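Take a look at the structure below.
FYI, it's all coordinate maths here, none of it is from the lab. The model shown is predicted, which means the values in this text are computed figures rather than measured ones. Positions of Cβ are backbone-derived with ideal geometry, glycine not excepted, and every protein chain shown enters the neighbour counts.
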Amino acid sequence: MQIETGSMTRTAPRPIIPPEPGISDFSSAEFRRVADYAQREFGLVLQENKKQVVQSRITRLLQEFQCTDIASFCSRLESGDFQAEREAFVTALTTNVTSFFREAHHFDIFAENLLKPSLSGLRSGQRLRVWSAGCSAGQEPYSVAMRILDLLPDAAKLNIRILATDIDPAIIAKARAAVYPEEEARGIPPAFRKRFITTRAAGCFSPDPCVTGLIRFAELNLVGDWPMRGPFDAIFCRNVAIYFDKPTQARLWSRFAALLRPGGLLFIGHSERVSGPAMNHLVSAGITTYRRSKDIKG
């Protein structure tokens with residue numbers, strides 16, 4: 001899951017998006033009300049320079065839910081009684097830019113430093129738990145599953161599970177469906193395409209059941225309560241925290257550290273860095289990779 005920034009996902013300037021007809025420009029107070037709600041409920045930071053993009057997307061929601069103005073729509077959100085509006089709000093303000101085996105060095109570290117040393121134990125019943133936090137449309141957890149299956153073809157019979165979560169219910173539905181345009185297969189190593197991918201009609205493909213069967217998808221707000229208790233052997237949370245404010249980032253790193261087993265790995269995005277109290281418990285283990293120290297308390 002990523003917040004649309006325009007410049008970070010495109011090389012060309014983003015075209016100016018005019019407001020929808022019949023809806024006046026958001027005032028600064030209206031934008032701040034939307035931004036405050038997004039930050040309070042989801043930890044998302046909406047900068048003032050993104051006002052036009054936010055306005056365009058929220059305006060479409062006003063029309064979809066037959067609200068005459070932003071104030072009435074915000075009142076619905078803030079009441080907590082309108083789940084459809086809340087879900088549509090999250091979907092409108094997030095975009096999902098990812099690919100299979102993105103930042104491939106993470107999957108190499110995962111295999112070399114975590115999987116290979118544990119192969120004997122895993123074959124004998126040792127548990128392996130991986131969390132893909134902010135999993136988008138599923139490319140990341142499916143990549144993790146393929147890397148596991150490469151070393152452990154009978155992983156489905158072992159004590160191995162992958163949890164994949166995202167705040168956006170619509171994108172979780174896409175991840176569960178697991179149907180991707182064939183051009184996305186370019187990111188998958190050729191040997192893995194042969195072993196783990198099935199071509200479908202209309203220029204699409206899907207991961208095989210042996211891949212999808214290792215994963216459980218769930219909707220989860222990272223700044224809310226977490227029902228899982230861990231411990232996890234590895235957590236992937238990449239290109240998510242950069243859209244949170246600094247205090248929210250620091251809390252997130254600490255919560256991840258607490259759910260990792262001693263020696264467990266945390267993988268983060270290329271422009272992200274662990275900060276705050278978690279720095280006392282997470283030590284560098286490679287490029288944007290951290291290992292939980294063995295002496296962490298709690």
Notebook entry, point to check: Spin-label point model (7 Å from Cα, Cβ direction): what's the Asp36 to Ala202 distance in nm?
Noted result: 4.4
Checklist line | Anchor Lys157: lysines whose Cα lies under 23 Å away (excluding residues fewer than 8 positions away in-chain) | finding: Lys116, Lys194
Check: Lys50: which lysines have alpha carbons under 27 Å from its alpha carbon, excluding same-chain residues fewer than 8 sequence positions away?
Finding: Lys174, Lys246
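If I take R0 = 41 Å and measure r between the Cβ atoms of Glu87 and Ser120 in this structure, what FRET efficiency does the formula 1/(1 + (r/R0)^6) give, to the nearest 0.05?
In this case the efficiency is close to 0.40.
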Check: Got the relative contact order for the chain handy, in percent, Cα pairs under 8 Å and 6 or more residues apart?
Finding: 17
Notebook entry, point to check: Quick one: length gained pulling Lys294 to Ala177 fully straight, 0.36 nm per residue minus the C-alpha distance?
Noted result: 38.3 nm
Notebook entry, point to check: Once a ≥ b ≥ c are taken as the square roots of the eigenvalues of the Cα gyration tensor of segment 114-232, is the result rounded (a/c under 1.5), prolate (a/b larger than b/c) or oblate (a/b not larger than b/c)?
Noted result: oblate
Note to self: Quick check for me: using +1 on Lys/Arg Cβ and -1 on Asp/Glu Cβ, what's the dipole size of the chain about its Cα centre, in debye to the nearest 20?
What the structure shows: 1220
Item checked: Percentage relative contact order, segment 112-198, counting C-alpha pairs under 8 Å, at least six apart -> 34
Check: Looking at Ser120, Val274, Pro227, which one has the Cα that reaches farthest to the positive end of the dipole of the chain (charges on Cβ: Lys, Arg +1; Asp, Glu -1)?
Finding: Ser120
Notebook entry, point to check: In what sequence do Trp131, Trp226 fall when counting other Cβ within 10 Å, fewest first?
Noted result: Trp226, Trp131
Margin query: Under 10 °C and 1.306 mPa s, how fast does segment 42-123 diffuse according to Stokes-Einstein, given a Kirkwood radius computed over C-alpha pairs? Answer in µm²/s, whole number.
Written below: 97
Margin query: Taking every alpha carbon pair in the chain, what does the distance histogram look like in 10 angstrom bins from 0, in percent?
Written below: 6, 26, 32, 23, 11, 3, 0
